[in-house]
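Right, one structure below, let's go through it.
The values are calculated or read from the model by the stated rules, or taken from the named source; none is laboratory data. Fair warning: this is a prediction, and the values are worked out from it, not measured in the lab. Glycine gets a Cβ as well: all are built from the backbone with ideal geometry, and neighbour counts include every protein chain shown.
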């Protein structure tokens, strides 16, 4: 299978300080990919550069072998929630329907099929009973589910998710993981910015490790190693990996 | 309403037709654009821009009188264009001040006062040299619907239609970009582009509005319908529609109010249409603020008061439960509430069949009252037991929490507590917990 996403010598800077330097990697189809790295490593910036919200300093990104603009409809992006205006008068259903706007274009209104798709997505995320609520009445986890539902109705082939698990409850996390795995099994590709190193091995097939530069990109089983982690996280990371090892030994009864 | 003057006269009578239909169209456009400006936090920009139109009006009037005398239609167009031009200049002025990193409020104040100042200087000059021109300018300052003609109807109909079409086309871009700008960018909706379109619409709406309500009161027409609508609904489509309706109803009522007074020829102060419309729109906003079912302050206040009263009733019942009979004097002694309130509550309880008077000023619970009170006591003691057994609270801290919680415990929670605590019979203070079966 061809690579779905390709970065070639991508560099990104805010003002003058670089956040991403000379990234080159390629992601094959049908993978659940975790993007990890310390704070300020440029994880969110990578996603923003892919959807061309920030302009790269140099290098290029291609999605499905073409520039992003030509393949916009095949890509769904779920940003972090801080840009959202929670006071805006909008219901959950209206938010989810936004996912259909790229397909509808400027002049067509949402059809019954679009509404149906939105309701289905809400049902999949188990919040169909909240459809007519105002978005700010929901809990943080429920809000996150709404945004995932919006991405689902985009019917994309590549999903870019910026920290979907941050500040969500356990029930939401379980549902999201289930949805992500289902998407992967349908042959979709997901890039997920992720925080929690402990769950990387159980969640993802692939991992991109960043620290302004690319540390490594590849299958979790072969690249999620202590050596690479300490490259990405420095000494702090080393201690963390040691702790994980210790935890595993204790759990499996190897040490007392 | 007098015999010769009906509501529908407003739409047919050649004298009233112009002002009424003109201001209906005007308020439709301004309310819709105002609603969007309100959501985009551009209310104050609207205020600054409406004042910034004034020098444009003055220049427009002068140009029209000099170049196209006696040509009403072209003169009107020139005036409107002048107003639009300086509003646009005002917009540029605000933006360039913001670019050199000044504070937004400073930029708005500066633009508002400097543009208005220029306009007032020009118009004062006219006041001395060309009084007829000055009168025309003044129309735009405080607004005057009464002198609008069929020509205005056509002109405003065209402009309002344009604004409505623009909003329909931009509907989804505005919704997405205002609500979640980062996501909007990812699907190709540029925040900057949307914002510029909204600013342009704002200028057009203001130009449409100033003839009727005037430069000074313009923002009222923009924002008041949106404020009212926002209190009533949380759905974007409904919010826009409601704003438009509230704007139009205000215009209609404002015209009606103003014309009623003219028709009756009463000694009342002459009521200009623009301010009447703005006052009615603000009145509707105030009503919504007080009475909205979900967020109205009056409604919230009543709900709070009702809850407080039901807590007091619960407390009174519990206190009565501990005695066979009590005198009014004793009840006053418990200090549950003030005398007047207690008196009324006792009467309510009596009417409800919870309480009976055995003799003068001696009260006792009825059988039903006893059951209800015992249930409250049960909730209280269940909660105390729960705190001690499951949350490790010490005995001396639990009463206070239970006093509060007993008012919130629903039957479902009560069932859960009963199950969790294995249908207990004694509370932590070794007091009996009234049985459920008996109730």
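A few notes on this one:
- Residue B:62 vs. criteria in the same structural domain as residue B:244 (by TED's automatic domain parsing), assigned to a helix (DSSP H, G or I) and either within 24 Å of residue B:243 (Cα to Cα) or touching a strand residue (DSSP E or B) at 6+ places or on another chain (Cβ under 6 Å) (or both): no
- The criterion of at least 3 residues that are over 42 Å from the mean Cα position of the chain (by Cα) and buried (at least 16 other Cβ atoms within 10 Å of the Cβ) is met by the following helices (runs of 4 or more DSSP H) wholly inside the stretch B:356-428: B:367-391.
- Inside the stretch A:48-74, residues that are touching a residue at least 60 places away in the same chain (Cβ under 8 Å) and either within 15 Å of residue A:212 (Cβ to Cβ) or touching a helix residue (DSSP H, G or I) at 6+ places or on another chain (Cβ under 9 Å) (or both) make up a count of 6.
- Sole exception among (1) in contact with a strand residue (DSSP E or B) (Cβ under 6 Å, 6 or more places away or on another chain); (2) at the interface with chain B (Cβ under 9 Å from one of its Cβ atoms); (3) part of a loop (DSSP other than H, G, I, E, B) for residue A:76, by number: (3)
- You will find that of A:23, A:5, the residue that is farther than 23 Å from residue A:187 by Cα, at pLDDT 90 or above, part of a strand (DSSP E or B) and in contact with a helix residue (DSSP H, G or I) (Cβ under 8 Å, 6 or more places away or on another chain) is A:23 and no other.
- Scope the stretch A:93-108; condition surrounded by fewer than 22 Cβ atoms within 10 Å (Cβ to Cβ), more than 15 Å from residue A:75 (Cα to Cα) and within 7 Å of chain B (Cβ to nearest Cβ); matching residues: A:106
- Any chance residue A:132 is part of a helix (DSSP H, G or I) and within 13 Å of chain B (Cβ to nearest Cβ): no
- Output for the stretch B:429-439, where each listed residue is exposed (fewer than 13 other Cβ atoms within 10 Å of the Cβ) and touching a residue at least 60 places away in the same chain (Cβ under 8 Å): B:438, B:439
- Qualifying residue in the stretch A:51-63 (condition: within 26 Å of residue A:153 (Cβ to Cβ), in the same structural domain as residue A:185 (by TED's automatic domain parsing), at pLDDT 90 or above and out of contact with any strand residue (DSSP E or B) (no Cβ under 7 Å at 6 or more places or on another chain)): yes
- Among the residues of the stretch B:150-195, those that are over 17 Å from residue B:207 (Cα atoms), touching a residue at least 24 places away in the same chain (Cβ under 8 Å) and more than 10 Å from chain A (Cβ to nearest Cβ) comprise B:150, B:174, B:194, B:195.
- Note on the stretch B:306-355: residues that are in a helix (DSSP H, G or I), in contact with a strand residue (DSSP E or B) (Cβ under 6 Å, 6 or more places away or on another chain) and without any contact (Cβ under 8 Å) to a residue 40 or more places away in the chain total 1.
- Scanning the stretch A:54-73 for residues that are within 9 Å of chain B (Cβ to nearest Cβ) and outside any helix (DSSP H, G or I) yields no hits at all.
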